[in-house]
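The values are calculated or read from the model by the stated rules, or taken from the named source; none is laboratory data. Computed from a predicted model, the values in this text were never measured in an experiment. Ideal geometry is used to build each Cβ from the backbone, glycine not excepted, and the neighbour counts take in all protein chains shown. Just the protein is used for accessible areas: all its heavy atoms, side chains included, with ligands, DNA and RNA removed. Shrake-Rupley method; radii C 1.70, N 1.55, O 1.52, S 1.80 Å.
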Amino acid sequence: MTVWRMSRGASVPGLSGAGHHRAGRCPRCARQWCVMSHILVNVAWPYANGPRHVGHVAGFGVPSDVYARFERMKGNDVLMVSGTDEHGTPILVEAEKEGVGAQELANRYNRVIAKDLCDLGLSYDLFTRTTTVNHEHVVQEMFRQCLANGYIYKGKQKVAISPSTGRTLPDRYIEGTCPICGFDGARGDQCDNCGNELDPDELINPVSKINGETPRFEETEHFFLDLPALADANLAWLHTREGWRTNVINFSLGLFKEVKPRAITRDIDWGIPVPVDGWIDNPNKRLYVWFDAVIGYLSASIEWARRSGDPEAWRAWWNDPETPAYYFMGKDNITFHSQIWPSELLAYDGQGSKGGEPGAFGTLNLPEQVVASEFMTMEGKKFSSSRGIVIYVKDLLARYPVDAVRYYISVAGPESSDSDFTWSEFVRHNNEELAASWGNLVNRVANLINRDFGVIPELDEDSMTSEDRALLEESADAFDVIGGLLERHHQKNALAEAMRIVGAINKYISAEEPWKIKGDDRRLGTVLHVAAQAVSDANHLLAPFLPHSAQKVWEALGGSGVFSPLPHIEEVEDLDKPGFHYPIITGVYKLGETVHPWVSEPLVAGTPVPKPSPIFQKIPVEAVDEELARFDAMLSERTHAEQERLAEAQRRTRAATHSAIAGSASEPASGADSQQ
């Protein structure tokens, strides 16, 4: 464990140690020193069959980054990992549609997604991908130990086959009527209406979402994860969870009403080879994507450690039972993180009903918390890239400031209930709250200081009023209040409380009217020092949400160096496959170097304050109509294109069927006939 220390009276460069602040204390608990904890932040892996839209990052992206940044400011050693999920039939389907190979498609969207998430400021220690050799080796080690412990076995299952292509159809690409609740539109893996897990052959009137054809079902041999043998241990772990969002824990517990084994292999040629004799060289048998994708959290941690120069460094986040792991995702991923992944971990650790022992990775920690958000819709409609109901991250960031996007996701996102992205609300939140309230406050205070003093003025404690002291106390106390909310993953409430502090500072400025203070430089200096200190405190409180503008506010008050670190992309070579290059997201996030502590840091009197520039710009209200017109045009275009695609797919299916019938009719009726 690492110890975070700061001697009494010490200060971060550019800051002083005024008596009314808790300078020189641990930002976690206000003690003189404290043991720093390891915190693992695991972020859902975006699927690499296309660019990500704002609904995706509202669920897994911004919330995870806010939490990771906050924990780093507290002084904890955070490891935040993820990457692109690149296996499975959907990749093959999209690659075929675009006329490219699966790896080429994955390469393209890996780069697109990495750039989008980096531009959004998501501070990954490592954002990688699942087509690395490192990931393959880690997945195969997990499989072998789960098999050795008796929690993976061989059996048979009916799988859906496309009659026109002969290819296995993914469960989620098959829709039909739920046999349990009668919902029309249930998927082949689960019904979103009743939440029950399903197999595709259980659906009533199943059809392929790809081309509308009725799949045929064939029984083939597969390996299964014995979920029933792990259910008691999984459920016992769930019952020990505290502080989970109500919807998440209730849904998770509901998964155990009826538990069945799940196949973890597929008849497919794209994915990780099955590490068993007779299977490893079979080009048409691969591990199922849902089995390998969740292992990515572990493989990414191991890759990070290998790239850091200490191959065993990952163990501090996975083998130490005192290290909590937080998993961020949308609610459609709860099943895989509260049942499937914990079951894989329990199987590897040998903690199910069949016993067993851990493999080379040692005993791996179960999740501390599954932090799942609800769904975000778009102007009242469910996001759908194929139907044009979408706003991609790259398009949003091309037209609007990144922190305006992060702020809206944070203030209006689907934290504990479904929410709706509307252009009118996006513009209103930016203009009224970021630009008019927060941005204008920063510029107002910085401009007054620049005009009247040119530097941070002295704080004359003899001239301080009860109002001065009350504001400083309120902004300093907010660290505990907002910190507590962030620790419990109540980010919307935390942001609201931070903006309440902004409102209190605005109220103080309006009441004190420093522009009217004439002939009393001591009092004027005190008012402006108090206001600047409170603004600095508010900037710390908002930094996890608004890292880009936090740096600008820091500089507006005369700060130098990095205040709020941002990630960057590096081009790397696969550690085990020379010649295979790909981008990773990484960064330098070190307390005292690039990360400022979660505590009120006293401003240094005499620090030069430059003439400020606007931190936030208002978005013209005309943008709402422009975006709605763009949205309607895209919706119409995509609807027409999707109709044409389905019609063409159905034409190809009919042609293939007619060809097969004709070929069958021209063949001899039997072997006896052929011998005549």
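Figures for the structure shown
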quantity	calculated
Filter pass, Tyr327 being in a strand (DSSP E or B) and not polar (S, T, N, Q)	yes
From Val93, Val66, residue being modelled with pLDDT under 95 and assigned to a helix (DSSP H, G or I)	Val93
Any hit, segment 463-475, residues being in a helix (DSSP H, G or I), within 16 Å of Val66 (Cβ to Cβ) and either β-branched (Val, Ile, Thr) or touching a residue at least 24 places away in the same chain (Cβ under 8 Å) (or both)	no
Count - residues of segment 282-334 that are open to solvent by 30 Å² or more (accessible area, probe 1.4 Å) and either within 22 Å of Ala360 (Cα to Cα) or in contact with a Cys (Cβ under 6 Å, 6 or more places away or on another chain) (or both)	14
Every residue from segment 248-281 that is out of contact with any strand residue (DSSP E or B) (no Cβ under 6 Å at 6 or more places or on another chain) and open to solvent by 50 Å² or more (accessible area, probe 1.4 Å)	Asn250, Phe251, Leu253, Lys257, Glu258, Lys260, Asp269, Asp277, Gly278, Asp281
Positions within segment 210-245 being in a helix (DSSP H, G or I), in contact (Cβ under 8 Å) with a residue 24 or more places away in the chain and not aliphatic (A, V, I, L, M), in sequence order	Pro228, Asp232, Asn234, Trp237
Residue match in segment 533-541 (condition: open to solvent by 60 Å² or more (accessible area, probe 1.4 Å) and among the hydroxyl-bearing types (Ser, Thr, Tyr))	no
Test: residue in segment 276-298 that is assigned to a loop (DSSP other than H, G, I, E, B) and of a type in the set (S, T, N, Q)	yes
Hits in segment 86-105 (condition: within 17 Å of His581 (Cβ to Cβ), over 20 Å from the mean Cα position of the chain (by Cα) and in contact (Cβ under 8 Å) with a residue 24 or more places away in the chain)	Gln103, Leu105
Of residues in segment 111-126 being open to solvent by less than 10 Å² (accessible area, probe 1.4 Å) and of a type in the set (A, V, I, L, M), the one farthest from Val294 (Cα to Cα)	Leu120
Extreme residue, nearest to the chain's Cα centre (by Cα), among residues of segment 381-429 that are under 20 Å from Asp65 (Cα atoms) and of a type in the set (Lys, Arg)	Arg406
Test: residue in segment 322-335 that is free of Cβ contacts under 8 Å to residues at least 12 places away in the same chain and either of a type in the set (Lys, Arg) or farther than 30 Å from Arg187 by Cα (or both)	no
Hey, Leu346 part of a helix (DSSP H, G or I), more than 23 Å from the chain's Cα centre (by Cα) and closer than 30 Å to Pro311 by Cβ or not	yes
Check on Glu357, of a type in the set (Asp, Glu), over 30 Å from Leu635 (Cα atoms), open to solvent by less than 20 Å² (accessible area, probe 1.4 Å) and not in a strand (DSSP E or B)	no
Flag for Val402 being among the β-branched types (Val, Ile, Thr), open to solvent by less than 40 Å² (accessible area, probe 1.4 Å), touching a residue at least 12 places away in the same chain (Cβ under 8 Å) and within 30 Å of His56 (Cα to Cα)	yes
Subset of segment 215-247 [open to solvent by less than 10 Å² (accessible area, probe 1.4 Å) and within 27 Å of the chain's Cα centre (by Cα)]	Leu225, Leu227, Asn234, Leu238
Hits in segment 556-598 (condition: assigned to a strand (DSSP E or B), surrounded by fewer than 16 Cβ atoms within 10 Å (Cβ to Cβ) and in contact with an Asp or Glu (Cβ under 6 Å, 6 or more places away or on another chain))	His581
Segment 443-474, residues that are in contact with a Leu (Cβ under 8 Å, 6 or more places away or on another chain) and open to solvent by less than 40 Å² (accessible area, probe 1.4 Å)	Val445, Ala446, Leu448, Ile449, Ile456, Pro457
Condition broken by Gly352, with the remaining ones in (1) surrounded by fewer than 21 Cβ atoms within 10 Å (Cβ to Cβ); (2) in a loop (DSSP other than H, G, I, E, B) satisfied	(1)
Test: residue in segment 54-62 that is more than 30 Å from Ala478 (Cα to Cα), at pLDDT 95 or above and either outside any strand (DSSP E or B) or open to solvent by less than 20 Å² (accessible area, probe 1.4 Å) (or both)	no
Wholly enclosed strands (runs of 3 or more DSSP E) of segment 136-198 bearing at least 1 residues open to solvent by less than 50 Å² (accessible area, probe 1.4 Å) and of a type in the set (Val, Ile, Thr)	152-161, 174-177
Which listed residue, of Asn443, Asn431, is over 30 Å from Thr526 (Cβ atoms), touching a residue at least 24 places away in the same chain (Cβ under 8 Å) and part of a helix (DSSP H, G or I)	Asn431
Arg406 being of a type in the set (Lys, Arg), under 20 Å from Gly55 (Cβ atoms) and modelled with pLDDT of 95 or more	yes
Selected residue [basic (Lys, Arg), under 23 Å from the mean Cα position of the chain (by Cα), under 27 Å from Glu570 (Cα atoms) and open to solvent by 40 Å² or more (accessible area, probe 1.4 Å)] from Arg108, Arg129	Arg108
Ala496 closer than 27 Å to Pro63 by Cα, among the small types (Gly, Ala, Ser), assigned to a helix (DSSP H, G or I) and open to solvent by less than 10 Å² (accessible area, probe 1.4 Å)	no
